[in-house]
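The values are calculated or read from the model by the stated rules, or taken from the named source; none is laboratory data. Being a predicted model, the structure only gives us computed values, none of them experimental. Cβ placement follows ideal geometry from the backbone for every residue including glycine, while neighbour counts extend to all protein chains displayed. Calculation scope for accessible area: heavy atoms of the full protein, side chains included, ligands and nucleic acids excluded. Shrake-Rupley method; radii C 1.70, N 1.55, O 1.52, S 1.80 Å.
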Amino acid sequence: MLDNQLFNKIAAKLSGFYLCLLIIGLMTSELFIVLFVGTFLLFIFNLKQFHKLVLWVWQSPQKKHQGSSSSWDNVYYGVDNIQRGNRRRRRQLVNNLGEFRQGADALPDGVVMYNEENNILWCNTQARALLGLKWPTDQGQRLDNLIRYPQFSEYLAAREYNQALLIQSPADEDILLENRIISYGENQYLLVSRDVTRLNQLEEMRREFVANVSHELKTPLTVLQGYLELIDDVDGGSRSSNKAVRAMRMQTSRMQSMVEQLLALSKLEFSSIASKHTKVNMQEQMDMLESDAMSLIGERDMTVHFDVEQNLYVYGDETQIYSACANLVTNAIRYCPDGSSIWVTWHHHPHGAQFMVRDNGPGIAPIHLNRLTERFYRIEQSRSSESGGTGLGLAIVKHVLKNHQSSLKIKSTLGKGCRFSFVIDNDRIVSFINKNGQLNE
């Protein structure tokens with residue numbers, strides 16, 4: 001509607017102007033000259049108005065234009081509206097940026113924004129305290145030049161930020177920082193540094209407490225079990241006393257097994273990533289595993305099928321890998337009823353080598369799957385007690401696989417069985433085996 005009115009107004013003015021020129025030209029008998037001179041003057045006028053508009057836009061757009069009752073007033077009015085809108089949006093953006101920075105400064109974690117070249121764009125107050133950065137002095141500086149830890153530089157260069165990196169604070173060596181990097185926008189990154197010193201101390205105290213208590217319990221349990229065996233061997237006891245002694249022997253044996261597993265778990269927690277230079281003969285591991293599985297089954301109506309790929313070896317800790325595999329097979333045997341079948345496989349996988357234990361037992365409800373690797377977590381307390389389970393087996397498996405840079409995958413369908421598997425990455429696969437199946441150095 002406004003466009004039509006403006007067009008009609010301009011058209012009316014031009015029509016009136018040229019009508020006047022036409023009348024003057026006819027009266028003077030110089031129509032062409034009058035039209036030419038009038039058009040030239042109109043051109044000069046509009047050129048002058050355009051020049052004034054350009055000067056106003058570039059030199060003083062905030063100064064209000066004084067109207068001159070010409071058609072150019074509409075242009076000034078439109079530009080002025082656009083300028084006011086832009087100024088309003090700019091003020092809003094500045095206010096939003098200020099509020100964002102105030103909120104980021106209030107965070108308990110250090111936050112650093114940087115680009116693909118690792119140049120710092122911005123950091124909050126906590127980042128300056130934890131990472132020793134200075135603002136705005138360090139703006140544009142390379143992050144890896146200011147945080148001079150080799151592992152941090154490697155972490156930045158790898159561009160794989162699934163895992164957090166623990167380093168000491170450059171500002172205070174007594175502070176332990178957990179660093180996570182988040183990619184956002186176009187080639188921009190966010191470094192979030194959290195002080196986990198207290199959490200790390202508490203975790204260290206917990207591990208030491210469990211290890212010390214487990215160690216202290218081992219000796220009295222061994223003595224107690226020895227005396228119970230001695231009492232059980234003595235003839236003449238009543239039926240009720242013999243039953244009590246057998247129950248005590250069973251419970252002390254279970255407690256001793258739990259203590260041993262706690263010690264193993266504590267040792268795993270204190271251990272580092274398994275070596276990539278120690279070769280593990282998985283063929284021997286699978287043979288021992290099959291022999292132990294058959295002994296555990298005994299007279300039960302159950303079948304275990306082993307399918308092992310020959311000459312598929314890995315780098316790692318032999319004892320830990322066997323412990324993880326044995327726990328998975330033992331759990332399947334313990335918790336599957338008679339008449340079940342269990343399949344154990346060790347084969348190449350697109351990402352490395354896969355160990356898998358599958359059964360056709362009762363399965364596990366989905367509600368339990370995410371908690372199976374927690375310490376002492378049991379689906380059914382009575383069932384676990386009867387089978388001799390301690391609730392620590394899968395926790396041990398989890399830590400073993402963590403030390404081998406892998407993880408446990410669990411799938412289950414009620415009434416159809418379970419599948420437990422893990423994959424050892426390609427970089428841990430022994431690449432060369434000779435014709436005799438011997439490992440070549």
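Quick one: which residue in L42, L2, L6 is open to solvent by less than 70 Å² (accessible area, probe 1.4 Å) and modelled with pLDDT under 75?
Step by step, each of L42, L2, L6 is checked, and only L6 is open to solvent by less than 70 Å² (accessible area, probe 1.4 Å) and modelled with pLDDT under 75.
With the condition being modelled with pLDDT under 75, I'd like the helices (runs of 4 or more DSSP H) fully within the stretch 232-336 carrying at least 3 qualifying residues.
Helices (runs of 4 or more DSSP H) meeting the threshold: 239-270.
Of the residues that sit in the stretch 253-312 and are touching a residue at least 12 places away in the same chain (Cβ under 8 Å) and hydroxyl-bearing (S, T, Y), which one is most open to solvent (accessible area, probe 1.4 Å)?
S272
Just to be sure, is E116 among the charged types (D, E, K, R), free of Cβ contacts under 8 Å to residues at least 60 places away in the same chain and over 24 Å from K402 (Cα atoms)?
Taking the combined requirement at face value, the residue does not satisfy it.
Across the stretch 162-184, what is the total count of residues that are of a type in the set (S, T, Y) and open to solvent by 40 Å² or more (accessible area, probe 1.4 Å)?
Looking only at that region, the number is 2.
Here are L217, L199: which of them is open to solvent by 40 Å² or more (accessible area, probe 1.4 Å) and closer than 21 Å to K267 by Cβ?
Only one candidate passes the filter, namely L217.
Among (1) modelled with pLDDT under 85; (2) assigned to a loop (DSSP other than H, G, I, E, B); (3) over 26 Å from the mean Cα position of the chain (by Cα); (4) of a type in the set (D, E, K, R), there is one condition R375 misses while meeting the rest; what is its number?
(3)
Among (1) without any contact (Cβ under 8 Å) to a residue 12 or more places away in the chain; (2) open to solvent by less than 50 Å² (accessible area, probe 1.4 Å); (3) touching a Ser or Thr at 6+ places or on another chain (Cβ under 9 Å), which single condition is R159 missing?
For R159, the failing item is (2).
Cβ-Cβ below 7 Å, separation at least six or inter-chain, first residue in the stretch 79-96 and surrounded by 10 or more Cβ atoms within 10 Å (Cβ to Cβ), second at pLDDT below 75: which pairs?
These pairs meet every condition: V79/V57; D80/H65; Q83/P61.
Has the stretch 191-205 got at least one residue that is touching a residue at least 12 places away in the same chain (Cβ under 8 Å) and in a helix (DSSP H, G or I)?
Yes, the stretch 191-205 contains at least one residue that is touching a residue at least 12 places away in the same chain (Cβ under 8 Å) and in a helix (DSSP H, G or I).
Just to be sure, is A104 in contact (Cβ under 8 Å) with a residue 12 or more places away in the chain, touching a Gly at 6+ places or on another chain (Cβ under 8 Å) and open to solvent by less than 40 Å² (accessible area, probe 1.4 Å)?
no
Sort out which residues of the stretch 139-152 are open to solvent by 40 Å² or more (accessible area, probe 1.4 Å), in a helix (DSSP H, G or I) and either among the aliphatic types (A, V, I, L, M) or over 24 Å from N403 (Cβ atoms) (or both), and write them in order of number.
Selection gives N145, L146.
Answer with yes or no whether N187 is open to solvent by 70 Å² or more (accessible area, probe 1.4 Å), of a type outside the set (G, A, S), modelled with pLDDT under 85 and more than 30 Å from V259 (Cβ to Cβ).
Criteria met by N187.
Inside the stretch 107-129, can you point out the residues that are part of a helix (DSSP H, G or I), open to solvent by 10 Å² or more (accessible area, probe 1.4 Å) and closer than 13 Å to L191 by Cα?
Those that are part of a helix (DSSP H, G or I), open to solvent by 10 Å² or more (accessible area, probe 1.4 Å) and closer than 13 Å to L191 by Cα: Q126, R128.
Just the residues that are among the hydroxyl-bearing types (S, T, Y) and over 21 Å from the mean Cα position of the chain (by Cα), please, taken from the stretch 133-176.
Passing the criteria: T137, Y149, S169.
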